[in-house]
Amino acid sequence: MANEQSPSERQSQLHDATSKADNGGEDSEDGRPYAEAQVAMAEAARSNAEKFRRLAEETREVRDQHREAAEVLRQERERLREAAETARAASEEARLAAEDARHAALDSVRATAEGLKMTLEHMTVIEEMRRTLREMRDTNKLKPS
């Protein structure tokens, strides 16, 4: 039950016990063991209070370290998010460039096909002209002069 007393109550009891011991006489002899016990209890309470104070300080330090680590992690996540956003934007630009290149390649294939078609048409016309020319030569060779 003595441990349930507040530090100020213990201090008051300690002061009363020490006063009785210092007054001398019969009371001092009878109260001496009680006063010594009170002093010992007060020292133990002070020691416990100091231990709790140290533990509280260590707890605050650990909490601060955790808070700092959490902030570092939050900042790192933010940097990673920004890097991912930059990569996404670059990927989108690359996709658009690839799409433009694909369209250009298709346009080139169409232009080549058109060119080949025109060349084929020209070759067909030339071939017909040659045939006509041969027929005209053959016709001229057959006529006696």
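Readers should treat all values here as calculations from the given coordinates under stated rules, not as data from a laboratory. All of these numbers come straight from a predicted model, not from anything done at the bench.
Taking 0.36 nm per residue of sequence separation and subtracting the Cα-Cα distance, how much length would be gained by fully extending the chain between Arg32 and Arg63, in nm to one decimal?
On the way: separation 31, 0.36 × 31 = 11.16 nm, distance 4.56 nm.
Full-extension gain reported as 6.6 nm.
On a full-extension model of 0.36 nm per residue, what is the gain between His103 and Ala89, subtracting their alpha-carbon distance, rounded to one decimal in nm? Each step should come with its number before you reach the end.
Working: separation 14, 0.36 × 14 = 5.04 nm, distance 2.11 nm.
Extra length available between His103 and Ala89 comes to 2.9 nm.
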